[in-house]
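Only one structure is covered here, and it is reproduced in the block below.
The values are calculated or read from the model by the stated rules, or taken from the named source; none is laboratory data. Predicted model, so just to flag it, every value in this text is computed and none were measured. FYI the Cβ positions are ideal-geometry reconstructions off the backbone, even for glycines, and counts take in every protein chain you see.
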Amino acid sequence: MKIAIGADHAGYELKEKIKQRLVQEGIEVHDRGTNSTDSVDYPDFARLVGEEVARRDADFGVLICGSGIGMSIAANKVPGVRAAHVTSMYEAEMARQHNDANVVTVGARVLDEATALQAVEQFLHTPFAGGRHERRVQKIMEIEQQEQAHHA
């Protein structure tokens, strides 16, 4: 499994802890920054991770900012990304199982470290259920394609 990970300044410290845990599990991690707590703009990192996932150079993306919301909004602008902002194990599981999300976002100022780590683990290790959910995900992708064509 290959994971692209990124964070802004607010998520930097949690990113480092998540990255460490993933590497310990033998997962290949592509760190797209940031590399300090110096102020940066979260959309830059959401785009880098999102594009890597959309190109399928990474299986999943993990993004961390203060709330997790900004990263989710920005990553979802990248065609092919289905980013889910999660705050619980249940949301992480459903994002994968029902929505086939390929990027998870968490908030470093919202979740404690243990909960964030558990949510990311749950996300990465939950398979997509397929079945009736496949039809729904396909409809999401059709919206994206139609909107891209409309704005082209």
statement: Log entry, pairs with first residue in region 13-37 being over 16 Å from A119 (Cα atoms) and without any contact (Cβ under 8 Å) to a residue 60 or more places away in the chain, second being of a type in the set (V, I, T) and in a helix (DSSP H, G or I), beta carbons closer than 8 Å, six or more apart or on different chains, reads V29/V23; R32/V49
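Can you tell which of A119, A114, A46 is in contact with a Lys or Arg (Cβ under 9 Å, 6 or more places away or on another chain) and among the small types (G, A, S)?
Values: A119 fails: in contact with a Lys or Arg (Cβ under 9 Å, 6 or more places away or on another chain); A114 fails: in contact with a Lys or Arg (Cβ under 9 Å, 6 or more places away or on another chain).
Of the residues listed, the single one that is in contact with a Lys or Arg (Cβ under 9 Å, 6 or more places away or on another chain) and among the small types (G, A, S) is A46.
Hey, can you tell me all the residues within region 1-50 that are assigned to a loop (DSSP other than H, G, I, E, B) and of a type in the set (A, V, I, L, M)? Before the answer, list the steps.
Step one: list which residues in region 1-50 are assigned to a loop (DSSP other than H, G, I, E, B), which gives 1, 8-11, 25-27, 32-41.
Those that are assigned to a loop (DSSP other than H, G, I, E, B) and of a type in the set (A, V, I, L, M): M1, A10, I27, V40.
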Out of A75, A54, A7, A58, sole residue that is in contact (Cβ under 8 Å) with a residue 12 or more places away in the chain and touching a Cys at 6+ places or on another chain (Cβ under 9 Å): A7
field: Residue that is surrounded by the fewest Cβ atoms within 10 Å (Cβ to Cβ), among those in region 51-78 that are touching a Leu at 6+ places or on another chain (Cβ under 8 Å) and part of a helix (DSSP H, G or I)
entry: S72
field: Selection status of E134, within 14 Å of the chain's Cα centre (by Cα) and either more than 27 Å from G6 (Cβ to Cβ) or surrounded by 15 or more Cβ atoms within 10 Å (Cβ to Cβ) (or both)
entry: no
query: Out of all the residues in region 118-152, which are part of a loop (DSSP other than H, G, I, E, B) and on the phi < 0 side of the Ramachandran plot?
result: H125, T126, P127, F128, A129, A152
message: Tell me whether region 15-30 contains one or more residues that are surrounded by fewer than 15 Cβ atoms within 10 Å (Cβ to Cβ) and under 17 Å from K77 (Cα atoms).
response: no
message: Take the conditions assigned to a loop (DSSP other than H, G, I, E, B), touching a residue at least 12 places away in the same chain (Cβ under 8 Å), crowded, with 19+ Cβ neighbours inside 10 Å and under 11 Å from the mean Cα position of the chain (by Cα) and apply them to A95. Does it pass?
response: no
task: Output the number of residues of region 55-111 satisfying the condition of being within 13 Å of G6 (Cα to Cα) and out of contact with any strand residue (DSSP E or B) (no Cβ under 8 Å at 6 or more places or on another chain).
output: 2
Output for region 98-116, where each listed residue is of a type in the set (V, I, T) and either buried (at least 22 other Cβ atoms within 10 Å of the Cβ) or modelled with pLDDT under 95 (or both): V103, V104, T105, V106
